[in-house]
Each structure stands twice: as structure tokens, then as C-alpha cells.
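To start, the structure under review is shown below, and the notes come after it.
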Amino acid sequence: MECVDFFLEITATIGFICVCKAVIKFLKWVWMMFLRPPKQLKEYGSWAMITGSTDGIGKAMAFELASKGLNLLLVGRNPQKVEATSNEIREKHGVEIKFVVIDMQKVDGKEITKRVEEAIDGLDVGLLVNGAGLAYPYAKFFHEVDKELMDGIIKVNLEGLTWITKAVVPTMIKKKKGAIVNIGSGSTVVLPSYPLVSLYAATKAYLAMFSRCINLEYKDQGIDIQIQVPLYVSTKMSKMKRSIFVPSSETYSKACLRWIGYEKMVVPYLLHSLQGFLLRAIPEPSLDSYMLNYFLQSRKRGLLKDSKVLRIKNKGNCSPSCK
């Protein structure tokens, strides 16, 4: 009988500890999500540098940071789009804006570093947002991804980001403060797999590990490095329509700013955080099966669209005699 009572006491104690841990974790999440004040970003420096600044999350982040009074150094590959975005932000928020044109698909690491170092020379850059990214046009098996797209994804998502970070970090070390925000993906943090979008997910997995590691390397230097993990956001790249779990890039970017300078890996948008919690409760084999079927359907729609475009193109190129 004593053994039974002892066993029940141990079981009850373990259960109580588990409940307490869950309650503490929940209360911490509530504090971080709703109550914790955001950091004063201008204390890092008066300038923010943003890559991928002409579309999607990067562009929305640029507008949000400008609304906080930060001057901006925008990085983009299309000179007309970067200039247009610069003028748009300047007219709305009245901050100082500079821009640098870098096509990360075509420029090597040495040239990227050189251009960034020249662009930030003399500027008090306190924040770097690595928002540039390249994805598949639609889901594909790995062997179906053409070499040009493979090379572009690796250069933009992996190499370009790495070289830009390397160029900016020394200036932050000199002044003993700074913040770096890398825009990651739920494909590598929330989900166990991302079939048929494997190369994209793999580059984002690199980014997640890279961010966590350099966060530890430079924390004592006063540099806060963080990866922010979105799930689906309504952007040109995702091609997703807005819904309860798919915010606009503007809505998402507002949530992003509250988290800058804190934990090394965050899911900043409230409903994405809840969605991630629910997804983690699903058995991994079931989630793997669902994701595979989901992307197989995406691939089918993409191939159908490609075939229609090809037929229209061939019809347009056809001579009168073949009509």
C-alpha cells in the first residue's frame, strides 16, 4: 500500500510540475505577444538597411521603419522599382533614403560586399533586415527545377544574405550595438517537411541555423540577431489571398517590429503562432502526408497553367497557313 501511495505522490508531483511549466510558458507567451514593450529601434542607429525592399514583407518593413523615423538604405535588383519605392516612402514619411542596386543572382560575393561597404560608409546603420528571397513559381519535384532557378535560389536566399551580413557586421561591432533581422520560413521551423519545394526550404533551414549561431557569436558585442518566421503571408511570391491566417505584408510587418531585438527565433504574428501550435499537435506522418498531397495539387495546377500559356504562345506564333 505504501508503494502505491508513493507512486501516486510521484505521479501527482510530476503532473503538477508539467502543468506549472505549461502555465509559465503560456504566461510568458502572453507577455511577449501582447504586453512587452517594443524596443526603441533608433537607439541601434539612425539608419536601417533593407534587402528585398521593393516587394512583399521587405517593402512593408521599409514603410513601417520609416514611420518610426528611421532613415533607410534600400537594396534591390531593379533600379526603377527601388527608386519608385524610395520616392513613395520619402513622400509619405519624409525620412532620408538612399538606395543601392544589387542583383544577387548575377553578382558574386566579393562584389556584393564591396557595394554594401561603399553604400553604408558614413551611415549610422543600426538595423539590417534581410528580406530578399526567391522561391519556386509553383511546387516541383527536385529534378524538375531548372538550373537557372536553382542557381538563383541558392545565390539570393543563401549566398547573397550571407555576404550582405558579413559586410554590415563589422560596422556594428565598432559601435558595440546593432540588430539584424532575417526573414525565415515556417517550412523549416513549424513544419517537419516541405516536399516539392525542397530547395527553397533547405536554404531557409540554412538561414535558421546561421541566425541562431551568429546570435550567440555577437550577443556580447551588443548585436541582437534574430530570425523571424512567417507562415503564409499574402505577397506576390506566395500568391496567397488574404485570410484569417494569411495576413497582408503590411499587417505582418507591424507585428515584426514588436519583436526586434529580443529572442533569437520568433513567430511574430499572433495567428501564425497559434497555427504553429496546432500544427505541432498533429502527428508528423499525418502532416507529412498532407503536405505532400497539398503540393502535388499545387504542382498539377502549375503545370496546367504552364501548358495553357504555352498553347497561347504557340498559337500566337503560328503562321496563317497553320491556323
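The values are calculated or read from the model by the stated rules, or taken from the named source; none is laboratory data. Source: prediction; values computed, not measured. Quick reminder, even Gly has a Cβ in these numbers, built from the backbone with ideal geometry, and neighbours come from all protein chains shown.
Taking the stretch 1-55 as the range and being assigned to a helix (DSSP H, G or I), in contact with a strand residue (DSSP E or B) (Cβ under 9 Å, 6 or more places away or on another chain) and not hydrophobic (A, V, I, L, M, F, W, C) as the test, the residues that pass are K42, E43. So in the stretch 191-207, with the set limited to residues that are among the hydrophobic types (A, V, I, L, M, F, W, C), closer than 23 Å to L271 by Cβ and part of a loop (DSSP other than H, G, I, E, B), which one is modelled with the lowest pLDDT? Out of the qualifying residues, it is L191. Residues that are of a type in the set (A, V, I, L, M, F, W, C), part of a helix (DSSP H, G or I) and within 21 Å of the chain's Cα centre (by Cα) were ranked within the stretch 84-123; the one that is surrounded by the most Cβ atoms within 10 Å (Cβ to Cβ) is V116.
Residues in the stretch 266-285 that are polar (S, T, N, Q) and either more than 15 Å from W29 (Cβ to Cβ) or touching a helix residue (DSSP H, G or I) at 6+ places or on another chain (Cβ under 8 Å) (or both): S273 only.
Among the residues of the stretch 208-216, none qualifies, meaning not one is modelled with pLDDT of 95 or more, assigned to a helix (DSSP H, G or I) and under 21 Å from R77 (Cα atoms). If you go through the stretch 191-205 and keep only what is crowded, with 16+ Cβ neighbours inside 10 Å and of a type outside the set (G, A, S), you end up with L191, Y194, P195, L196, V197, L199, Y200, T203, K204.
Residue count for the stretch 247-259 satisfying the condition of being surrounded by fewer than 21 Cβ atoms within 10 Å (Cβ to Cβ) and aliphatic (A, V, I, L, M): 1.
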